[in-house]
Amino acid sequence: MELLFLAILILVMAAALASGFPVAFALPGAAIITIALAAGAGLLFAGNSSAFFASGGPIEWLTAGVTNFRGVYWEVERDTLIAIPLFVFMGIMLQRSKIAEDLLVTMARLFGPVPGGLGISVVFVGALLAATTGILGATVVAMGLISLPAMLRNNYSQSLATGTIAASGTLGQIIPPSIVLIILADQLASAVDQADTARKALYKDATGNLTMPSEFGVVSTSAGDMFLGALVPGLVLVGLYMAYILALALLRPHIAPSVPFEGKADARFWSRVVLILVPPLTLIFVVLGSIITGVATVNQAGAIGAVGAMIMAGYRLREGEPNAFIPAGLALISLIAIFVILANFDVNVRNIKTANDQLGVTLASIAVALFLIALIWSGWRTYVIDDTLRQVAIDTAKTTSLVFIILLGAAMLTAAFRAFGGEELVKEFLTNLPGGFWAQFVIVMAVIFLLGFFLDFIEIAVVVVPIVAPILLMDPSANITAVWLGVMIGLNIQTSFLTPPFGFALFYLRGVAPQTVTTLNMYKGVVPFISLQLLALAIVGLTPPLVNYLPTRLSLLSETAPPPSNPRLQLCLEEYNFTQLLAQRGDITAAITNAGQLDVSGLPRALQRDLTTGFTRAGQVYDRIDAVEKSVAAVAAATPAYRPLHQTVRSLQQAIRRDLAEIRELETELRLSAGQSDAERNRITSRIDALKVEISELESQIPEDWKGRHDDFVKLQRAELNARRQYRRTADGAYTPILKVIEVLDGVAALEAVRPEIESALAAVDTKTPAEVTEILSPLVTTIGRIDGARAVRTAVSRARRAARRRTPNMEEARTKLQEALTKLDEDLAWRKPAAASLREPLANYAKAIESTVGLRQQRRMHREAALSVAACQSGHRDISLSF
């Protein structure tokens, strides 16, 4: 019966959407109606309102959508969606202030003389508007009103002109900043948690190990990562559009003729081009650049964009007047002043200590005040001129409200879908598909593409993604990243704006296109661009680094980059490191040999032992590399024969686990079915027996040699893992002792500086109270504790402090311990000084020679070359299924 109500849910939703009922109410309405029908049928036919639900009851599932929505979107930690109204405000402000119109007109004049130039200019401006507004309706309407008449007047084909405008207007959905990407990032955040949990369970079932290595975990994403990941695919799509128009214009000039420029390309023209192009490009650079460089979060970048759009609107609305640029100029000057002040002063109010600090804070306050004046001035202009600010605020509120209402409705629909077992049904269908991950992925992409004919991007993102994303992300055979999956879905969803009958870009364009332009020509015009979108989808799908490289690169080069010892980085780091070590084998071997010949007899025995061990392990590094490469080759040689067997058996075992889970559910139902009829109990018992027979048949299909071959392969994997661990321990043990000895030798000056303080404390024992002596010794203990290798000195001073602060102070003991500390200090300096003179520089040179290779794992962060290599390596997807 659950399947019947699942079908009713889908049919009610489809009927409501087809009838033109608002999406924001069709989604929750379908959920409420279906849950109510199921509850009523349960009461009528089974005497239990929960009888026809897969689990739980009607009240639980009716409230689940609202509860989940509130829990997900109102958490302080998950504030990504705050960026939506900010970017919407920015886009609508630029649209209503006619800046988008200026871009279109100017670009048309620049590109007009080129074959297909008007079409190329529309794509170019569409990309610029996408990076500044991201508002599809506004972009399509603006380009339809301005560019379409010009293209038709210059004998452009109706289909090419309308297709170019409609397709270019959709670029805002994939080129950041994009509302689609923000919503997808938010949906994928919870999907990653579910996928990671499922992968851990799979690892436990497959291997018997309770803990999965962290490097096998599902990699999460954020709105910033999505923006970075979508940047290159968005540019690929722009390039495909431009290349198509140019090729068509060259092959068939009569449908996309060039348009000679009628004006003069004088200084006035070029100054206007600069004035129109530079501010939007600067805004794009600031908004996206602040996210990419980590200066600002997505929300902060949205606020920057909203403020920048208001300042730009302030001068555009006063165009032609003498004082039009005064607020913008004041804002620019104040920003430059702020950057200069930050570079030369500490403007932290809490750190004011000198007159120079006070001056920096004062100057910064003045600069900020000037910027606020410029912002308020620009805001006042947008308020009084054509009621722009009010209209922008109303449109922003409407758009944002629409997004959040749809999110709420989709959360309720998803809850209803799960209530009738829809999620489990989809999961079972996808996991049973032959062909593994890629078969599942292609089916999901095809379904999303087909849904795009009827649903908007928000419904697809918030209804489909939470259901299918965890299934795709948990699969270890593909081991895809969430950002790659999000960008692929975003590219796919973009087609929904062009695919008839509900392509919103077509609706917007139809509303402003002349009557002479037929709807059929508009449909014909978008078909090539839909094909180009699918081509871009294929290109990105086959080339994951197009998406993954920029986010990974930024992560590894940022100030918060993970250290080289991070488990997730090891395979790629070792791939780079082995290459460098083998390439520099002669130099590194010579450095190790020379260091091993140093006379370390003047050092204490413990340091001698550490250094000798370090030199010995450094000499073993190349043997460890050889062992790793041999073990890797052994695994690679065994993989082709083992992989098909592994896939077959794991598939059978997965089916067995599903049957066992169903048996457990049925047995629970049987125990709780005291009030059910004998027929129902017999049905459950028969199903359990059938499942047990099925399990026996599945177990019989597992090859007899599976265990032996599996154990042999696991041994090879463990040998590789052990070889890598041996290498890491050897490399770390070769580098760490060198640093330790260098730090000890660097403590000479610090120890000499401590001597007068100990002598002063010794004198204070005879002249001051025990409490005062304790107060002198406490910071002294801390200071000596920071000096490497001075433990004996610190211990003596600490004991002196302990003697002074006893309930009955023993000042004689304190004096003895301080004298002992001086003796220990002199003994320490006696060997440190000559050792520092003879060993410090050679050891430092040796450490420098091996720090980027043997000692790379022990650095605080990777150097640039290593980070770029690791980023390129990690940008692909690595199959880890044989470890499961």
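Out of the residues in segment 349-363 that are open to solvent by 70 Å² or more (accessible area, probe 1.4 Å) and assigned to a loop (DSSP other than H, G, I, E, B), which is modelled with the highest pLDDT?
Step one: list which residues in segment 349-363 are open to solvent by 70 Å² or more (accessible area, probe 1.4 Å), which gives 349-350, 353-356, 358-359.
Next cut, assigned to a loop (DSSP other than H, G, I, E, B) only: 353-354.
On the way: Lys353: 77, Thr354: 80.
Going through the qualifying residues, I end up with Thr354.
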Seminar exercise, completed: Contact list, first residue from segment 306-331 and without any contact (Cβ under 8 Å) to a residue 60 or more places away in the chain and over 17 Å from Lys98 (Cα atoms), second anywhere and open to solvent by 10 Å² or more (accessible area, probe 1.4 Å) and among the aromatic types (Phe, Trp, Tyr), beta-carbon distance below 8 Å, six or more apart or interchain, is Ile326/Trp377; Pro327/Tyr315; Pro327/Trp377; Leu330/Phe371; Leu330/Trp377; Ala331/Phe371
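Here are Gly409, Gly452: which of them is open to solvent by less than 20 Å² (accessible area, probe 1.4 Å), under 23 Å from Thr34 (Cα atoms) and of a type in the set (Gly, Ala, Ser)? Show your work before the answer.
On the way: Gly452 fails: under 23 Å from Thr34 (Cα atoms).
The conditions single out Gly409.
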Exercise. Which residues, taken from segment 859-884, are modelled with pLDDT under 90, in contact with a Pro (Cβ under 8 Å, 6 or more places away or on another chain) and not in a loop (DSSP other than H, G, I, E, B)?
Worked result: Ser881, Ser883
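Residue check: is Ile333 under 30 Å from Asp357 (Cα atoms), open to solvent by 30 Å² or more (accessible area, probe 1.4 Å) and assigned to a helix (DSSP H, G or I)?
Values: under 30 Å from Asp357 (Cα atoms): yes; open to solvent by 30 Å² or more (accessible area, probe 1.4 Å): yes; assigned to a helix (DSSP H, G or I): yes.
Against the criterion (under 30 Å from Asp357 (Cα atoms), open to solvent by 30 Å² or more (accessible area, probe 1.4 Å) and assigned to a helix (DSSP H, G or I)), Ile333 qualifies.
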Problem set entry | Condition broken by Leu104, with the remaining ones in (1) buried (at least 21 other Cβ atoms within 10 Å of the Cβ); (2) hydrophobic (A, V, I, L, M, F, W, C); (3) more than 26 Å from the chain's Cα centre (by Cα); (4) over 18 Å from Val238 (Cβ atoms) satisfied | (4)
Exercise. Going by the conditions given, is Thr543 modelled with pLDDT of 85 or more and either farther than 23 Å from Ser290 by Cα or surrounded by 22 or more Cβ atoms within 10 Å (Cβ to Cβ) (or both)?
Worked result: yes
For this session: May I ask you to list pairs of residues, at least six apart or on different chains, whose Cβ atoms are under 7 Å apart, with the first in segment 285-296 being without any contact (Cβ under 8 Å) to a residue 40 or more places away in the chain and part of a loop (DSSP other than H, G, I, E, B) and the second being among the aliphatic types (A, V, I, L, M) and open to solvent by 60 Å² or more (accessible area, probe 1.4 Å)?
Result: Ala296/Ile304
For this session: Kindly indicate which of Ser875, Ser798 is touching a Phe, Trp or Tyr at 6+ places or on another chain (Cβ under 7 Å), farther than 30 Å from Ile592 by Cβ and open to solvent by less than 20 Å² (accessible area, probe 1.4 Å).
Result: Ser875
Exercise. Is it the case that some residue within segment 697-719 is more than 21 Å from Lys204 (Cα to Cα), loosely packed, with under 13 Cβ neighbours inside 10 Å and small (Gly, Ala, Ser)?
Worked result: yes
Problem set entry | Odd one out for Ser838 among (1) touching a residue at least 40 places away in the same chain (Cβ under 8 Å); (2) touching a helix residue (DSSP H, G or I) at 6+ places or on another chain (Cβ under 9 Å) | (2)
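The rows are residues; the columns are (1) open to solvent by 20 Å² or more (accessible area, probe 1.4 Å); (2) over 30 Å from Pro85 (Cα atoms); (3) assigned to a loop (DSSP other than H, G, I, E, B).
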| position | (1), (2), (3) |
| --- | --- |
| Ala185 | no, no, no |
| Ser190 | yes, no, no |
| Ala198 | yes, yes, no |
| Thr221 | no, no, yes |
| Leu228 | no, no, no |
| Pro233 | no, no, no |
| Val238 | no, no, no |
| Tyr244 | yes, yes, no |
| Pro257 | yes, yes, yes |
For this session: Would you kindly identify the helices (runs of 4 or more DSSP H) lying entirely within segment 448-524 that contain at least 3 residues that are under 22 Å from Met226 (Cα atoms)?
Result: 465-474, 482-494
For this session: Could you tell me whether segment 855-862 includes any residue that is farther than 21 Å from Arg725 by Cα, in contact (Cβ under 8 Å) with a residue 24 or more places away in the chain and either over 43 Å from the mean Cα position of the chain (by Cα) or open to solvent by 60 Å² or more (accessible area, probe 1.4 Å) (or both)?
Result: no
Exercise. So, of the residues in segment 632-651 that are farther than 26 Å from Arg725 by Cα and of a type in the set (Gly, Ala, Ser), which turns out to be surrounded by the most Cβ atoms within 10 Å (Cβ to Cβ)?
Worked result: Ser651
For this session: Take Val392 and decide whether it is of a type outside the set (S, T, N, Q), farther than 27 Å from Pro644 by Cα, modelled with pLDDT of 85 or more and assigned to a helix (DSSP H, G or I).
Result: yes
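The values are calculated or read from the model by the stated rules, or taken from the named source; none is laboratory data. None of the values given here were measured: they were computed from a predicted structure. Methodologically, a virtual Cβ is constructed for each residue, glycine included, from the backbone with ideal geometry; neighbour enumeration extends over all protein chains shown. Surface accessibility is based on the protein's heavy atoms, side chains included, excluding ligands, DNA and RNA. Shrake-Rupley method; radii C 1.70, N 1.55, O 1.52, S 1.80 Å.
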